[in-house]
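*Asks:* I have a structure here, written as structure tokens, and I will follow up with some questions on it.
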Amino acid sequence: MNDIPRPARRPVLAAAAAAALTLGASMLLPPTSAMAASGCAVTYTTNSWTGGFTASVTIKNVGDAVNGWTLGFAFPDAGQRVSQGWSATYQQSGQAVTAQSVSYNGSLASGASTTIGFNGTFTGSNPSPTSFTLNGTTCTGATNPTTPPPTTAPPTTPPPTTPPPTTPPPTTPPPTGTTPVAINGQLRVCGVNLCNQYGRPIQLRGMSTHGLQWFAQCYNDASLDALATDWRADLLRISMYVQEDGYETNPTAFTNRVNTLVDEASERGMYALIDFHTLTPGDPMFNLDRAKTFFANVAARNANKNNVIYEITNEPNGVSWQTIKNYAEQVIPVIRANDPDGIVIVGTRGWSSLGVSEGGNSTEVINNPVNASNIMYAFHFYAASHKDNYRAELERAAARLPMFVTEFGTVTYTGGGAVDTASSNAWLDMLDRLKISYANWTYSDADEGSAAFRPGTCYGGTYTGTGVLTESGNYLRNRIRTADNFPTS
């Protein structure tokens, strides 16, 4: 959510390829109502995997104010195609692509910037464009970017920066009766809130795993003890990818792995959020049969637990809200047949952005909610990319819909970059105020800014304290480990 621009391909990407183009030009008035600027600068950044990529394009106006714009460029390779885009309206003819501004980003004052992006596919190579136009006038002065070859998954051997093993301090699970689950018991949705067994609104705060197919080594007794006792987290989101070497390759093994992690969370008194992590393709109907099989199994197996929450589709994208709703109304009864009390979270349009990343808003959900009880709706954001307009839409929606931030990052929607502390504070302060629960991406040692642990940590034995944490990890640990406010009367 993911991420927005989209909430991102972040987790899946083993490596990021950045290609920056700084462009300047004098511009002419285009044959539209848009005003021309006297110069522009464009930064084009890609993240690639086998056969596909995500592109982020930042457009900076370095001249006069512009009211409405169209960005044009050509792919160098005939096999490159835009498949899904956000924050602009895209068209492609042959290798030529245009991206036209949408309502909220068409006006660019002098010195202002906006970022758009898209998912793409390629059949040959994936070179970056070297020339752009804005409102029909060529931006000159481009430098040839370089794009590294695509990657498939994070490395499976420890990087050379693995810290020397040390003996971790002993950890003890919280005493009986003081864990989040012991206090709150079976949760339910009451109005627009997540409520505990006393019918009082609460907020859960926790962390999301990375893809289990890539980072299984990060989820062991020591790391989960640290999450429960050192971080004092309430929630573990178990992120099970369906594609990308995930569930579809071995349904039995991945189902067993999810169930094991549910047990581990239960032993430590944390809530377990089972994430059916769909991202590419973005149409949840593609995985409808798999979803029914998986959720029938995990709901039956965990029906007697009071700490399990079901997230039935991670980041739908490129499809209508009606499609997502139809999917939910077929999967939810499968869960209810075995676990009638479990809360179900439904992803929203535009990479779970309530449609914002595809030019929409929450009105479509408010006017046409899923026909089921005890459900919530997912929202994803990445603080360095998604700011005021995303916050405003979530707050507007939260007055009418029960919302749960099942994934967010402190960095950009690519999963990389530095922590945006100001935006992260604004987001989490709002979530605290509205009692919206959240899980941060990601409790792993992935080599990206969103990871909580430094690269190599999961091949050692120490998970407690701040010495093994990244900037994002330190930030989240400090936020999560503050005292919960769980009313019991």
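The values are calculated or read from the model by the stated rules, or taken from the named source; none is laboratory data. Not measured: the values here are computed from a predicted model. Because the Cβ atoms are built from the backbone with ideal geometry, glycine has one as well, and the counts that use them run over all protein chains shown. Quick note on the areas: whole protein, heavy atoms, side chains included, nothing else; ligands and nucleic acids left out. Shrake-Rupley method; radii C 1.70, N 1.55, O 1.52, S 1.80 Å.
*Asks:* Quote the charge dipole size of the stretch 348-478 about the Cα centre in Debye, to the nearest 20; the model charges only the Cβ of Lys and Arg (+1) and of Asp and Glu (-1). List each step's numbers first, then the result.
*Replies:* Numbers: 9 positive and 13 negative charges, 68 e Å.
Here the size comes out at about 320 debye.
*Asks:* Still on this structure, please answer the following. Sorted by packing (mean other beta-carbon atoms within 10 Å per residue), highest first, where do 219-230, 477-488, 358-369 land? Provide the component values of the computation, followed by the final result.
*Replies:* Numbers: 219-230: 20.0, 477-488: 14.0, 358-369: 16.9.
So the order, starting with the most tightly packed, is 219-230, 358-369, 477-488.
*Asks:* Once amide H atoms are built 1.01 Å from N in the peptide plane, which residues 5 or more positions from Met376, or in another chain, come under 5 Å H to H?
*Replies:* Val344, Ile345, Val346
*Asks:* Say R0 is 60 Å: what FRET efficiency, to the nearest 0.05, do Ala300 and Ala112 get from their beta-carbon distance? Working shown, then result.
*Replies:* On the way: r = 54 Å, r/R0 = 0.90.
E between Ala300 and Ala112, to the nearest 0.05, is 0.65.
*Asks:* Report the gain in length on full extension from Thr421 to Ala65: 0.36 nm times residue separation, minus Cα-Cα distance, nm rounded to one decimal. Intermediate values should be presented prior to the final figure.
*Replies:* Details: separation 356, 0.36 × 356 = 128.16 nm, distance 2.93 nm.
Full extension from Thr421 to Ala65 adds 125.2 nm.
*Asks:* Once you put a point 7 Å from the Cα of Ala392 and another 7 Å from the Cα of Ala78, both along the Cβ direction, what distance in nm separates them?
*Replies:* The answer from the label model is 4.6 nm.
*Asks:* Find the eigenvalues of the gyration tensor of the Cα atoms of the stretch 369-489, then list the square roots of 5 times those eigenvalues as equivalent ellipsoid semi-axes, largest first, in whole angstrom. Display every interim value, and only then the final one.
*Replies:* Numbers: eigenvalues 148, 58, 37 Å².
For the stretch 369-489, the semi-axes come out at 27, 17, 14 Å.
*Asks:* Still on this structure: Could you compute the net charge surrounding Thr466? Neighbours are other residues with a C-beta less than 15 Å from the C-beta of Thr466; K and R count +1, D and E count -1.
*Replies:* Residues near Thr466 contribute +2 overall.
*Asks:* While we're here: For the stretch 357-407, which whole-number percentage of the solvent-accessible area (1.4 Å probe, protein heavy atoms only) is attributable to carbon and sulfur atoms? Write out the running numbers ahead of the final one.
*Replies:* Working: 720 of 1760 Å².
So the carbon and sulfur contribution to the accessible surface is 41 percent.
*Asks:* In the stretch 242-348, if the dipole is taken from +1 on Lys/Arg beta carbons and -1 on Asp/Glu beta carbons about the Cα centre, which of Val242, Asn317, Leu261 is farthest to the positive end?
*Replies:* Positive-most Cα among the choices belongs to Leu261.
*Asks:* Between Tyr90 and Phe486, what is the FRET efficiency for a Förster distance of 45 Å, r being their Cβ-Cβ separation, to the nearest 0.05? Working shown, then result.
*Replies:* Numbers: r = 46 Å, r/R0 = 1.02.
The value I calculate is 0.45.
*Asks:* Hey, what do the phi angles of the stretch 475-489 turn into as Karplus ³J(HN,Hα) couplings, whole Hz, using 6.51/-1.76/1.60 and θ = phi - 60°, x for Gly and Pro?
*Replies:* Residue by residue, the stretch 475-489 yields 4, 5, 4, 5, 6, 6, 7, 5, 4, 6, 10, 10, x, 10, 8 Hz.
*Asks:* Sticking with this one: I need the peptides 206-216, 301-311 ranked by packing, meaning the mean over residues of other C-beta atoms within 10 angstrom, with the highest value on top. Kindly include the intermediate steps, with their values, before the conclusion.
*Replies:* On the way: 206-216: 22.8, 301-311: 20.2.
Result, highest mean first: 206-216, 301-311.
*Asks:* Based on the mean of other beta carbon atoms within 10 Å per residue, what is the order of 351-357, 293-299, most packed first? Each step should come with its number before you reach the end.
*Replies:* On the way: 351-357: 30.1, 293-299: 20.4.
The most tightly packed comes first, giving 351-357, 293-299.
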